[in-house]
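Accompanying notes for the structure given below.
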Amino acid sequence: MATERRFPQLGEQDPTVRQIIDQIFFLSEPEFEEARVDRNYNLIIVGSGFCALAVAERSLKNDPSCKILILERGPFFLPNHVQSLSAPFAKSMREPIETYPWSLSEETTQRKTGLLRWQRGMTPFFGGRSTTWSGWCTRPTAEEMFGWPEETVRNAQRYFESAEDLLNVQSFDDIAKDFPRAPGNDSPKTSVFGSLQLVVGNLLERATTINEKYRMRPVSLASDQVNGGKFSVPEKLIELATKQDGTRLHIATNCIVERIQHQDGIAQALQTSKGRISIGDANLVLAMGSLPPATLVQNSFPHIRRKAGERFSAHFVTRIAARIPKTDLGDSLDFRDLEMGAFYIGKAEGDYRRQFHIQLNVVSDMGSVGNAQTAHRYAPDLTCRPTHQQLESSMDHVIYICTVLGEMDAENEESWFRHNPDDPDPTTNSILQLCENDSDSETWDDMDEAAFDLLEHFLSPKGPDRVQYWHGQPHEGSWEARRPGVVQRRSDFLIHEASTLHIGEGDEAPVDLNYRLRGTENVYVTGAALWPRGGSWNPTMIMVAMAQHMADMLAGETNNVLTV
């Protein structure tokens, strides 16, 4: 029998990346039109980040027949984490990928006192911040979740393990054991994790034994089991969708949700940039970060506008680069060509109303060719690496990059995220005001002093006089014995924004303990917008744990679940 021959047909002569990706993984324009009108989804999710993945994965595990639609405002951008890319490409695209769908208040921009001036932006692409995040995952204690409803704390802690399983969270010490060697070389000298992690870990153990106010652990990172890098959402969501043969999980990109249309507390349709989407009997889940869902709620539900965004929390940041001679850690130590370490130091006792934690990254680099690319791929935190100029002048030193995150006071009535009636665009008509109060200033002073104390008295075995600090810009400066000043070490921006739709028992909370937006029957919220207080810990793992719990609650309550 002759083999059937297939010849190419005349088609699109100028295809775009979007057309190709949509055809393979996402809803094409004709498919979206069908989904917009005729599909009977159980769950519609707005957003495509960590929480969207957690809700979708858990819902399909609970009910394989569940039909889910995910709506993402931006296009496809990266399939994996940025650290999987080459260093030059990753460096060139870090800054331009943030967007700021809000305005800053005049009070914030014109203030003469304080340092805080802006909030880091959103990542408006498929997968959200998961393609650029640090991967740090922390289990907060019940004490560290101070100010949260007890029921919410218990529920979140019950799901910590399953959240860590989804994110493939591993201790840095365990990752070091499995670190890939160079091809054809089984020598442990080719690993970037070795003596340095062990020696600094011993110093920190001694520090936390002497000063029992703090607890130390090797950092836990969310990792990609397949590629050996950081965990990111795009590949996992696409894999989840393809497992369903394209029939149970649909993803639409470039679709901005502008308003939720509702009647008698029931969300009935979504007004989007691509037309009206009928909700039907589905539940709607807002998994779109902390600030955009507050904007959507403020525009859609006037009865809750005064509650949404009245509470705001985030993390302010101190960053200190220090170094000590390698010989101070031990004359007999044989450091490898490139070594790195990473540790988390958090509170163990004291006043949990003003929290902070220290993220310590440690680097020893002999400057060999190829080290920059290796460090880029395996750095525990890409934003907390020494610069080339810092490394070049420190061949005989160990560099500590000490990043301290402090909790902004969520009870500060001068910080808020409110509706802006002067902006006609429903996707950007919110105003953010940032105002440091006395509590914030005290927390910032305390955490800076704790960082200096750690560097000078515990991480420098031969005393404070051996510590030198970097002064100047990251790529242009010098090492000096004096401590860097306030303006040098403190950032003027906030990260890890939260609390705009906080969860609580009383009517003053926009969201009830079942994750339901008050005054509605089928609108649910997930993510850090729910935080009653910001704490100081890295938020992602807790976000995922709560999203999984919400998905289980919805599955037990009804089979009709909508995720946005």
*Once you sort the root eigenvalues of the Cα gyration tensor of the range 430-491 as a ≥ b ≥ c, which label holds: rounded (a/c under 1.5), prolate (a/b larger than b/c) or oblate (the other case)?*
oblate
*Mind listing the long-range amide H neighbours of Ser103? Cut-off is under 5 Å, sequence gap 5 or more, other chains count too, H placed in the peptide plane at 1.01 Å from N.*
Ser430, Ile431, Leu432
*Mind putting a number on the dipole of the chain about its Cα centre? Charges go on the C-beta only, +1 for Lys and Arg and -1 for Asp and Glu, and I need it in Debye to the nearest 20.*
860 debye
*State the answer as a single residue: which of Leu434, Phe493, Thr403 lies farthest towards the positive end of the charge dipole of the range 390-523, with beta carbon charges of +1 for Lys and Arg and -1 for Asp and Glu, about the Cα centre.*
Thr403
*How far apart, in nm, are two points set 7 Å out from the Cα along the Cα-to-Cβ line at Arg306 and at Thr141?*
4.0 nm
*Of all DSSP beta bridges in the range 263-378, what percent run antiparallel (nearest 5)?*
100 percent
*Using the per-residue mean of other Cβ atoms lying within 10 Å as a proxy for protection, in what order, highest first, do the peptides 285-291, 361-367, 463-469 fall?*
285-291, 361-367, 463-469
_Percent breakdown of C-alpha pair distances by 5 Å bin, ordered from the shortest bin, for the range 393-437_ = 5, 15, 14, 12, 11, 10, 7, 7, 7, 6, 4, 1
*Positive-end residue of Cys255, Thr526, Thr242, charge dipole of the chain with Cβ unit charges*: Thr242
*Approximate shape of the chain as ellipsoid semi-axes (Cα gyration tensor, √5λ), whole Å, largest first*: 40, 30, 21
*Could you go through the range 32-48 in sequence order and give the Karplus-derived ³J(HN,Hα) for each residue, using 6.51 cos²θ - 1.76 cosθ + 1.60 with θ = phi - 60°, rounded to whole Hz, and x for Gly and Pro?*
5, 4, 5, 5, 5, 10, 9, 6, 10, 7, 8, 9, 10, 10, 9, x, 9
_Using a 1.4 Å probe on the protein heavy atoms, what percent of the accessible area of the range 250-352 belongs to carbon and sulfur?_
43 percent
*Give a residue-ordered list of calculated ³J(HN,Hα) values for the range 449-455 (Karplus: 6.51 cos²θ - 1.76 cosθ + 1.60, θ = phi - 60°; whole Hz; x for Gly, Pro).*
5, 4, 5, 5, 4, 4, 5
*Give the Kirkwood hydrodynamic radius (Å, one decimal) of the range 195-266, defined as one over the mean of 1/r across all pairs of different Cα atoms.*
17.7 Å
*So which of Lys67/Lys274; Lys213/Lys462; Lys307/Lys347; Lys112/Lys213; Lys67/Lys236 end up more than 27 Å apart by C-alpha?*
Lys307/Lys347; Lys112/Lys213
*Antiparallel DSSP bridges in the chain: what percent, to the nearest 5?*
75 percent
*asked:* Ranking request for peptides 123-130, 199-206, 28-35: highest mean number of other beta-carbon atoms within 10 Å first, then the rest in descending order.
replied: 123-130, 199-206, 28-35
*Note the full-extension length gain between Gln19 and Thr242 as 0.36 nm times their separation in residues minus their Cα-Cα distance, in nm to one decimal.*
78.5 nm
*Leu104-Gln268 FRET efficiency (beta carbon distance; Förster radius 41 Å; 0.05 resolution)*: 0.75
_Quick query: amide H of Met145 versus all other amide H atoms, modeled in the peptide plane; which residues come in under 5 Å with a sequence gap of 5 or more or a different chain?_
none
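The values are calculated or read from the model by the stated rules, or taken from the named source; none is laboratory data. Treat the numbers as computed from the prediction; the structure is a model and nothing was measured. Cβ sites come from the backbone with ideal geometry, for glycine too, and all protein chains shown count toward neighbours. SASA here: full protein model, heavy atoms, side chains in, ligands and nucleic acids out. Shrake-Rupley method; radii C 1.70, N 1.55, O 1.52, S 1.80 Å.
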